[in-house]
Amino acid sequence: MTNRVKFTKMHGAGNDYIYVNTLKYTIEDPESFAKKWSCYRTGIGSDGLVLIGSSSVADFSMRIFNADGSEAMMCGNASRCIGKYVFEEGLTKKTVLTLETLSGIKELFLSVQDGIVTEVTVDMGNPKLEEVTLADGSKDILVYQAVSAGNYTFKGTAVSMGNPHLVIFVDAVEEIDLAKIGPLFEYHPYFPQRVNVEFAQIISKKEVRMRVWERGSGITSACGTGACATAVAAVINQKTDREVKIVMDGGPLTIKWDSATQKVFMTGDAVKVYEGELSL
Ligand SMILES: N[C@@H](CCC[C@H](N)C(=O)O)C(=O)O
């Protein structure tokens, strides 16, 4: 007997995922489904698969799988879309709710107009400098230091938002051949678990233009955790203010790294594209 599974296609700043409500449907092998359904020609087409679930410690839970099937610890854009989904589907009436993720519990603040979630702010927690693994196996931090892959050398800053990010500041981000250079740094030996790679151009103290090569998904239109990591790296390197607009291919996110709490807040859209049904 074939199982029919309803899914919802949503995106945050153009970072699109397939969402399945596991309160209703069981996905036995999410890794393989993420790979199969993310294909733009033979599947639905997306940056990956997100499972919305129950939780014993939060209002809901999230699991996120990249397009290559690898599971990630956290997804900023998807967390906003989950807030939209659970409110508009009537699974909650709360406009402040908690989401269990592999990188801890996140708090979501929904902006609602006439029953529609128009914007979401997520408390993304405290950033950390991501430890890199050196050739001798020792660990170190990377703050605006040379990192080379292939014939390329850039100054990189490694930041963790629950998932790893390598933020590279450049003078002209549009001149970066992301499809060629991104994977070289995704697989850099500094990052045995691979890394998300952000190329960022400072526009002003309040604005950064960023493009991203995501671990496990390649070029995406936006990355929420990547936008947070970019803002943190920009502040650490004294390039921007603590509240900054990160402008990506798919749109902007507003990031605030609060100096009192050291928490990072991400604010942006959450868009429902369509609903569909698949046979497992
Ligand atoms: N696009 C997401 C990040 C998804 C996971 C990432 N590719 C990883 O493997 O860490 C976001 O919006 O944060």
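The values are calculated or read from the model by the stated rules, or taken from the named source; none is laboratory data. Owing to the predicted nature of the structure, the values given are computational and were not obtained by experimental measurement. In this analysis, Cβ positions are derived from the backbone assuming ideal geometry, glycine residues included, and neighbour counts consider all displayed protein chains. In case anyone asks, the SASA skips ligands and DNA or RNA and just uses the protein heavy atoms, side chains included. Shrake-Rupley method; radii C 1.70, N 1.55, O 1.52, S 1.80 Å.
The table for this structure:
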{"read-out": "Qualifying residues in the stretch 172-182 (those that are open to solvent by less than 90 Å² (accessible area, probe 1.4 Å) and over 17 Å from the mean Cα position of the chain (by Cα)) - the one nearest to D136 (Cα to Cα)", "value": "I181"}
{"read-out": "Qualifying residue in the stretch 142-159 (condition: within 23 Å of I64 (Cα to Cα) and either modelled with pLDDT of 95 or more or of a type in the set (F, W, Y) (or both))", "value": "yes"}
{"read-out": "Which listed residue is within 16 Å of the ligand (Cβ to nearest atom), aromatic (F, W, Y) and surrounded by fewer than 24 Cβ atoms within 10 Å (Cβ to Cβ), from F191, F169, F199", "value": "F191"}
{"read-out": "D123 being buried (at least 16 other Cβ atoms within 10 Å of the Cβ), at pLDDT 95 or above and over 29 Å from S32 (Cβ atoms)", "value": "yes"}
{"read-out": "Exclusive hit being in contact (Cβ under 8 Å) with a residue 12 or more places away in the chain and loosely packed, with under 15 Cβ neighbours inside 10 Å, set G12, G115", "value": "G115"}
{"read-out": "Number of positions in the stretch 228-240 that are within 13 Å of the ligand (Cβ to nearest atom) and either over 16 Å from Q262 (Cα atoms) or of a type in the set (V, I, T) (or both)", "value": "1"}
{"read-out": "Leading residue by the ranking (surrounded by the fewest Cβ atoms within 10 Å (Cβ to Cβ)) among those in the stretch 66-99 that are part of a strand (DSSP E or B) and within 16 Å of the ligand (Cβ to nearest atom)", "value": "E71"}
{"read-out": "Selection status of G115, away from the ligand (no atom under 16 Å from the Cβ), at pLDDT 95 or above and over 15 Å from the mean Cα position of the chain (by Cα)", "value": "yes"}
{"read-out": "Lone qualifier among V147, V143 - being part of a strand (DSSP E or B) and of a type in the set (V, I, T)", "value": "V147"}
{"read-out": "Residues (more than 18 Å from C223 (Cα to Cα) and either among the basic types (K, R) or within 16 Å of the ligand (Cβ to nearest atom) (or both)) located in the stretch 7-36", "value": "K24, P30, E31, K35, K36"}
{"read-out": "Checking K24 against (1) outside any loop (DSSP other than H, G, I, E, B); (2) open to solvent by 60 Å² or more (accessible area, probe 1.4 Å); (3) in contact (Cβ under 8 Å) with a residue 12 or more places away in the chain, the condition it does not meet", "value": "(1)"}
{"read-out": "Qualifying position, being within 26 Å of I141 (Cα to Cα), within 14 Å of the ligand (Cβ to nearest atom), surrounded by fewer than 17 Cβ atoms within 10 Å (Cβ to Cβ) and among the β-branched types (V, I, T), among I255, I219, I246", "value": "I219"}
{"read-out": "Hits in the stretch 229-243 - residues which are open to solvent by less than 20 Å² (accessible area, probe 1.4 Å) and either outside any helix (DSSP H, G or I) or of a type outside the set (S, T, Y) (or both)", "value": "A229, A231, V232, A233, A234, T240"}
{"read-out": "Members of the stretch 204-216 found to be within 13 Å of the ligand (Cβ to nearest atom) and outside any strand (DSSP E or B), listed by number", "value": "R215, G216"}
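Listed here are the residues, each with its yes/no results for (1) closer than 14 Å to R63 by Cβ; (2) small (G, A, S); (3) in contact with an Asp or Glu (Cβ under 9 Å, 6 or more places away or on another chain).
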site	(1), (2), (3)
G12	no, yes, yes
N15	no, no, yes
N21	yes, no, yes
K24	no, no, no
E28	yes, no, no
A34	yes, yes, yes
C39	no, no, no
G43	no, yes, no
